[in-house]
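The values are calculated or read from the model by the stated rules, or taken from the named source; none is laboratory data. Just so you know, these numbers come straight off a predicted model, no measurement behind them. Methodologically, a virtual Cβ is constructed for each residue, glycine included, from the backbone with ideal geometry; neighbour enumeration extends over all protein chains shown.
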């Protein structure tokens, strides 16, 4: 086979050769579960939201792992969209939190108990 | 395809119209935009399945029918909003712009053929709804509803994404067709459990959005806290889009593993029916009752999903239409009445606000009665046929027990839907004659007329699809 | 064991540790800083997986924009660490049980299904490069790419509408 002169010959990354995909699955599932536990145990809206970010990043990591192991770029393109969505959600979420803070001076979600949680 | 492009463009135009001094132009302009989008939608009628942009979007008659329901509901809701003229704090251009954009998201969910379209569509719709829920900025209840909706929605997004990721891992593709190919060819004994796990997580995310039990807990608070006009939008457009997306997902990709998911959906449907109907009986607020009623209607629609056949597809479309029409009427009357009767400056949304409605406002009472009868599923209304089609499609598939439970639960529904009818006809009240704008009246009468028309002759609709 | 493999385990450990610290820290600012650390370790993972472009974007977008926004809001609102009343222990234990169950179910699913390993014959190490991704993004994914701009517009309009000061309100 004649090597393509335009593309530098890069060998298969050693992680992909040595680490089974299972490990990435477990790592990202752990991150995902930590995110879930964070959402369920904390009361501070900002920390809950950061836990959601952890869940999204677990999905990002897994998508990139699948896409690299399979040489299929569409998984990595999906990650772009997740980042765009995360940015949009953060903007709106923090605006909501700032709006509530203006009215109550507190960001604890249990604080306003007019509506039951 | 046309309505997506048109609405994106019109949304931007609407935002610019907000710069003009006179705010009166906004409402007619957006209504015109919606009519154009509706016309554009039906240009593709009967053109057969069309695929756009490397199979991202599929347009067939089912898509167009759902689009039509969504756009029609949006048209009615825009019309009864009255351009937000009565509230000096409101920002009508932004509200209309956000609603038009959220319709783009809804239409993406209806026609998606690739999971990225589902994801982006759900997000556009949800982000716009978070903002609109909190649009009553000085009201703490509205603020808190927005925060709650936002946090729960983002949490659900996390589940959805992880589900999509696992599906990608199992099948190597985001395309419905390829997932279908993989799922149908799994051998017994070497099934991909990752596919099952991914499907479950994706379903959890979607069921959150359509507020099925046990993922419904945010619904009553959010529906109650949001301004009523946006609650109407949520309970019609968002729900229709959510079920269209669920139907497309399950019918487009997972018919091969029907044996795995139908029991999950069936169990959730039964639970949703129980929670929705029993929860609704104990409410004193009409608005909160409608939130629970929305949950219970999600349960009926889930039954149609478990059947997943050609008749059940038509049943979902018919039911969504009937439910949307009646819900718009119910919220429309609620908005008028609650504005008239206030407690402590806030609109009174309890049942007793309706006391004596029929004496001075016979038309409103009639509209409310028809919509309640339709939601309860009484014969001669569209709601009856909606339920009938769903139950027969489930029975044809051989799922009898679930139909029995659903029929029992719909008799429970009669109790709480009739409470407001009794209030408005039999109880004494001091409600004066409410002034209703002529256009508002036209929309309410039109929705009521359609409800009765489809109730008398459901065949009109049958022949269309 | 070669050095990349041990580096993978080290990075994974650091990722999990910082994720746990995000959730358990009492002070929101510490949470943000741990989350930034988690994003850096994740970018390390992306580089190991030969997804260089996303590794850079991850730092720029997440650590650079999103987390700065978080930090900005936390400092803006002057959040104190003692503001938050803790949930009851029962709620915490229940939450942990829910999380553990999700993990066990998913783990069981992974154990029971065959995961295809990578295929050395048609392996393409250029997948994660910007040129390759750009081709896909602007051809197959053109429609969602354009519509994502609607999402960003919605977020922008929404954030301005909710966040801006009304007449008569105090600044902060």
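If you go through region A:9-24 one residue at a time, do you hit one that is surrounded by 22 or more Cβ atoms within 10 Å (Cβ to Cβ) and modelled with pLDDT of 90 or more?
So far as region A:9-24 goes, yes, one or more of its residues are surrounded by 22 or more Cβ atoms within 10 Å (Cβ to Cβ) and modelled with pLDDT of 90 or more.
Specify the residue that is modelled with the highest pLDDT; the eligible residues are those in region A:88-112 that are in a loop (DSSP other than H, G, I, E, B) and touching a helix residue (DSSP H, G or I) at 6+ places or on another chain (Cβ under 9 Å).
Residues of region A:88-112 that are in a loop (DSSP other than H, G, I, E, B), as a first pass: A:105-107, A:109-112.
Still in the running and touching a helix residue (DSSP H, G or I) at 6+ places or on another chain (Cβ under 9 Å): A:106-107, A:109, A:111-112.
Numbers: A:106: 63, A:107: 58, A:109: 52, A:111: 51, A:112: 42.
Among residues in region A:88-112 that are in a loop (DSSP other than H, G, I, E, B) and touching a helix residue (DSSP H, G or I) at 6+ places or on another chain (Cβ under 9 Å), the one modelled with the highest pLDDT is A:106.
So which residues in region B:159-188 are at the interface with another protein chain (Cβ under 8 Å from one of its Cβ atoms), in contact (Cβ under 8 Å) with a residue 12 or more places away in the chain and farther than 20 Å from residue B:122 by Cβ, if there are any at all?
B:169, B:170 - these are the residues of region B:159-188 that are at the interface with another protein chain (Cβ under 8 Å from one of its Cβ atoms), in contact (Cβ under 8 Å) with a residue 12 or more places away in the chain and farther than 20 Å from residue B:122 by Cβ.
Specify which of the listed residues (B:454, B:449) is touching a residue at least 40 places away in the same chain (Cβ under 8 Å) and either within 25 Å of residue B:313 (Cβ to Cβ) or surrounded by fewer than 23 Cβ atoms within 10 Å (Cβ to Cβ) (or both). Lay out the reasoning, then the answer.
Numbers: B:449 fails: touching a residue at least 40 places away in the same chain (Cβ under 8 Å).
Answer to the check: B:454.
State yes or no: is residue A:81 closer than 16 Å to residue B:158 by Cα, surrounded by fewer than 24 Cβ atoms within 10 Å (Cβ to Cβ), facing chain B (nearest Cβ under 8 Å) and in contact with a helix residue (DSSP H, G or I) (Cβ under 7 Å, 6 or more places away or on another chain)?
Working: closer than 16 Å to residue B:158 by Cα: yes; surrounded by fewer than 24 Cβ atoms within 10 Å (Cβ to Cβ): yes; facing chain B (nearest Cβ under 8 Å): yes; in contact with a helix residue (DSSP H, G or I) (Cβ under 7 Å, 6 or more places away or on another chain): yes.
When the stated conditions are applied, residue A:81 passes them.
Applying the selection to region C:92-124, what residues are within 16 Å of residue A:39 (Cβ to Cβ) and more than 7 Å from chain A (Cβ to nearest Cβ)? I'd like the intermediate steps shown before the answer.
Within region C:92-124, the first condition is being within 16 Å of residue A:39 (Cβ to Cβ), and the residues that meet it are C:92-103.
Residues satisfying the conditions are C:93, C:94, C:97, C:100, C:101.
Among the residues of region C:56-81, write down those that are in contact with a helix residue (DSSP H, G or I) (Cβ under 6 Å, 6 or more places away or on another chain) and more than 9 Å from chain A (Cβ to nearest Cβ).
C:59, C:63, C:71
Out of the residues in region C:133-152 meeting the condition of being out of contact with any helix residue (DSSP H, G or I) (no Cβ under 7 Å at 6 or more places or on another chain) and crowded, with 17+ Cβ neighbours inside 10 Å, tell me which one is modelled with the lowest pLDDT.
For region C:133-152, the residue satisfying everything is C:140.
Residue-by-condition table, conditions (1) under 13 Å from the mean Cα position of the chain (by Cα); (2) at pLDDT 90 or above; (3) more than 16 Å from residue B:420 (Cα to Cα):
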residue	(1), (2), (3)
B:280	no, yes, no
B:284	no, no, no
B:287	no, yes, no
B:296	yes, yes, yes
B:301	yes, yes, yes
B:305	no, yes, yes
B:310	no, no, yes
B:338	no, no, no
B:343	no, no, yes
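Table: residues versus (1) under 19 Å from the mean Cα position of the chain (by Cα); (2) within 27 Å of residue B:154 (Cα to Cα); (3) modelled with pLDDT of 95 or more.
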position	(1), (2), (3)
B:26	no, no, no
B:29	no, no, no
B:55	no, no, no
B:111	yes, yes, no
B:121	yes, yes, yes
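Report, by residue number, each residue of region C:15-36 that is in contact with a helix residue (DSSP H, G or I) (Cβ under 8 Å, 6 or more places away or on another chain), surrounded by fewer than 16 Cβ atoms within 10 Å (Cβ to Cβ) and part of a helix (DSSP H, G or I).
Those that are in contact with a helix residue (DSSP H, G or I) (Cβ under 8 Å, 6 or more places away or on another chain), surrounded by fewer than 16 Cβ atoms within 10 Å (Cβ to Cβ) and part of a helix (DSSP H, G or I): C:29, C:30.
So which of B:173, B:192 is at negative phi and modelled with pLDDT under 90? Steps first, please.
Working: B:173 fails: modelled with pLDDT under 90.
Going through B:173, B:192 in turn, just one is at negative phi and modelled with pLDDT under 90: B:192.
Quick one: count up the residues across region B:264-322 that are under 22 Å from residue B:247 (Cα atoms) and in contact with a strand residue (DSSP E or B) (Cβ under 8 Å, 6 or more places away or on another chain).
0
Condition test on residue B:105, is it buried (at least 22 other Cβ atoms within 10 Å of the Cβ) and part of a helix (DSSP H, G or I)? Give the steps one after another, and end with the answer.
Values: buried (at least 22 other Cβ atoms within 10 Å of the Cβ): yes; part of a helix (DSSP H, G or I): yes.
In short, yes.
Could you check, for region B:127-147, whether at least one of its residues is at the interface with chain C (Cβ under 8 Å from one of its Cβ atoms), touching a strand residue (DSSP E or B) at 6+ places or on another chain (Cβ under 7 Å), outside any helix (DSSP H, G or I) and surrounded by 24 or more Cβ atoms within 10 Å (Cβ to Cβ)?
There is no residue in region B:127-147 that is at the interface with chain C (Cβ under 8 Å from one of its Cβ atoms), touching a strand residue (DSSP E or B) at 6+ places or on another chain (Cβ under 7 Å), outside any helix (DSSP H, G or I) and surrounded by 24 or more Cβ atoms within 10 Å (Cβ to Cβ).
Is region A:58-77 home to any residue that is part of a helix (DSSP H, G or I), touching a helix residue (DSSP H, G or I) at 6+ places or on another chain (Cβ under 7 Å), within 7 Å of chain B (Cβ to nearest Cβ) and under 22 Å from residue C:162 (Cβ atoms)?
Going through region A:58-77, the residues part of a helix (DSSP H, G or I) turn out to be A:58-70, A:74-77.
From what's left, touching a helix residue (DSSP H, G or I) at 6+ places or on another chain (Cβ under 7 Å): A:58-69, A:74-77.
After this cut, where a residue has to be within 7 Å of chain B (Cβ to nearest Cβ) as well, the list is A:58-59, A:62-63, A:66, A:74-75.
Narrowing further to those that are under 22 Å from residue C:162 (Cβ atoms): none.
For region A:58-77, residues part of a helix (DSSP H, G or I), touching a helix residue (DSSP H, G or I) at 6+ places or on another chain (Cβ under 7 Å), within 7 Å of chain B (Cβ to nearest Cβ) and under 22 Å from residue C:162 (Cβ atoms): absent.
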